[in-house]
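Written out below as structure tokens is the structure these notes cover.
Read-outs: derived from the displayed coordinates by stated rules, not from any lab. Remember, it's a predicted structure, so these values are computed and weren't measured experimentally. Cβ: placed from backbone, ideal geometry, glycine included. Neighbour counts: every protein chain shown.
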Amino acid sequence: MIRLLAPLALLLIQAPAPMPAVLAYRFDEVRHSVLRWPGGDPRQEVKAAPGDPASAGDIVKTGWWGHAVISVPARASRFEVYPSTQVRLAGGEPGVLIILEQGRLKAIFDALAGPPVERRVAVPGALLAVRGTRYGVAVDKAGTSTLVVFKGVVEVIPSAAHTATVFVKAGEWSTFGPGLMPKVLPMPGHGFGEKGWEQGMHPGSMGMGTMTPGGTMPAGMPPGSMPGPMH
């Protein structure tokens, strides 16, 4: 019996670990110009349409009026991608569902039916980890991120060594980026909230009209004329 069990034990030890499940992405909503680069290859560019599938490694770019909602059903997660934004689906780090390279997105995480899993968003110089949260984040051309939390708590995990993790709660906002330590501030008054952020308002520039992700008014664009959220 021992002689029979020994080879079986050796096979079990040498058996490769199961490969992680490949996450499926889906375009739930699309408005105006939204392009997808399969595998990140611009030569394979296709125009996205509602209901289209997408895969890890794809790059999604929205035009000036482009708008999309991308869901990850297996992770009960949705990402509303605003105009003039570029994202990459999934990343090399565990738990990363989407990478915001430049522009704006709103992340919505619903309750998971199964065991808890990491659901993270990557931005330049940091990871954003959540537990049932709703927030907006913008990345400007310099790679500086502005995070506004509408519900729950977001853990900002800087990639720089010896930089402490910070927690941003609902009603707070934070700025951070490569070489920029996270700074947490209370949300400004004057009725600023999720609706204001959806319209392009920057919490650090209240009273200055509608803002772009970098905090500057588009040339020739009057306040309040930026494309609004998609419903």
Q: Based on the mean of other Cβ atoms within 10 Å per residue, sort peptides 171-182, 111-122, 96-107, 62-73 so the most packed one is first.
A: 96-107, 62-73, 171-182, 111-122
Q) For the modelled label position 7 Å from the Cα of LYS183 along Cα-to-Cβ, which residues of the range 99-135 have backbone nitrogen atoms closer than 18 Å? A) 125-126
Q | Rounded to whole Hz, the Karplus (6.51, -1.76, 1.60) HN-Hα couplings of the range 131-145, x for glycine and proline | A | 9, x, 9, 9, 8, x, 9, 10, 10, 8, 5, 7, x, 7, 9
Q | Spatial separation of Cα centroids for the range 141-185 and the range 50-101, in angstrom | A | 20 Å
Q | Size of the range 21-205 as Cα extents on the principal axes (Å, biggest first) | A | 42, 36, 32
Q. Too long at a 31 Å Cα-Cα cut-off: which of LYS141/LYS169; LYS47/LYS151; LYS141/LYS195?
A. LYS47/LYS151
**Q.** Local electrostatic count at ARG119 - Lys and Arg +1, Asp and Glu -1, tallied over other residues with Cβ under 13 Å
**A.** +1
(Q) I need the peptides 153-161, 196-204 ranked by packing, meaning the mean over residues of other C-beta atoms within 10 angstrom, with the highest value on top. (A) 196-204, 153-161
